[in-house]
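The values are calculated or read from the model by the stated rules, or taken from the named source; none is laboratory data. Just so we're clear, the structure is a prediction, and the values are computed from it rather than from any experiment. No Cβ is skipped: glycine too gets one built from the backbone with ideal geometry, and neighbour counts run over all protein chains shown. For the accessible areas, the whole protein counts, side chains as well, though only heavy atoms, and no ligand, DNA or RNA atoms are used. Shrake-Rupley method; radii C 1.70, N 1.55, O 1.52, S 1.80 Å.
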Amino acid sequence: FRPLVLGLSFAALSFAAAQAAPAKWAVDAGGSRLGFSSKYSGDAFTGMFRRWTADIAFDPAQLPASKIVVSVDMTSVTTNDPDRDETLPTGEWFDSKKFPRAVFTSTSIKAAGPGRYTAAGTLNLKGVTRPATLNFGLKITGDKAEANGAVTIDRGQFGVGQGQFKGGDAIPLAVNVGFTVKATKVK
């Protein structure tokens with residue numbers, strides 16, 4: 001009788017733990033965007049990554065168990081400027097042949113006010129891993145969600161921009177990365 005009670009207790013605990021796991025979310029690639037903005041000799045420009053994925057397990061009631069992993073295909077960068085688009089994949093900038101992916105992995109997600117969150121974690125870009133924190137707003141309606149947020153990255157810490165562009169004279173070291181993610185809860 002005792003082994004049966006222990007077995008049922010373990011099964012109940014396992015079921016409760018599974019129920020407490022945050023929901024998985026599937027990203028709507030067509031409705032989502034990952035982009036950046038900077039300046040070159042004082043002139044503003046924007047760019048985006050056409051291919052990226054996000055593995056999201058999120059529940060506002062289960063933040064300690066929530067997790068976000070975003071993987072960016074660095075070869076998919078575009079700024080709609082042919083010269084810049086030809087230069088960004090080179091070793092001087094992203095070196096996308098050697099480092100084809102950049103990955104953000106959250107280590108903690110915390111509430112920052114109603115509908116606002118911060119996801120602290122690490123960004124691995126061009127073979128360098130540094131702390132990064134995403135700030136985002138989130139609206140969940142039924143099984144649909146939309147997040148909008150940003151992070152500022154110091155490109156110099158990752159070795160992005162070498163030679164005449166290593167400093168921040170022509171192109172600032174701080175690069176603003178913004179995103180809109182639309183997702184559906186996985187059932």
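Under the combined filter of DSSP loop state and at most 11 neighbouring Cβ atoms within 10 Å, region 58-110 retains these trypsin sites (Lys or Arg not before Pro): LYS97, LYS98. Each helix, a run of at least 4 DSSP H residues, gives -39500 (n - 2.57); summed and divided by the residues of the chain, these come to -4000 deg cm²/dmol at 222 nm. For log10 I(q)/I(0) by the Debye sum over Cα atoms at q = 0.08, 0.09, 0.20 Å⁻¹, the choices are [x] -0.33, -0.40, -1.39; [y] -0.23, -0.30, -1.53; [z] -0.39, -0.47, -1.18; which was calculated from the structure? Derived directly from the coordinates: [x]. Solvent-accessible area per residue in the chain equals 58 Å², computed with a 1.4 angstrom probe and all protein chains kept. Out of the total accessible area of the chain (probe 1.4 Å, heavy atoms of protein only), what percent is carbon and sulfur? Answer for the chain: carbon and sulfur cover 58 percent of the accessible area.
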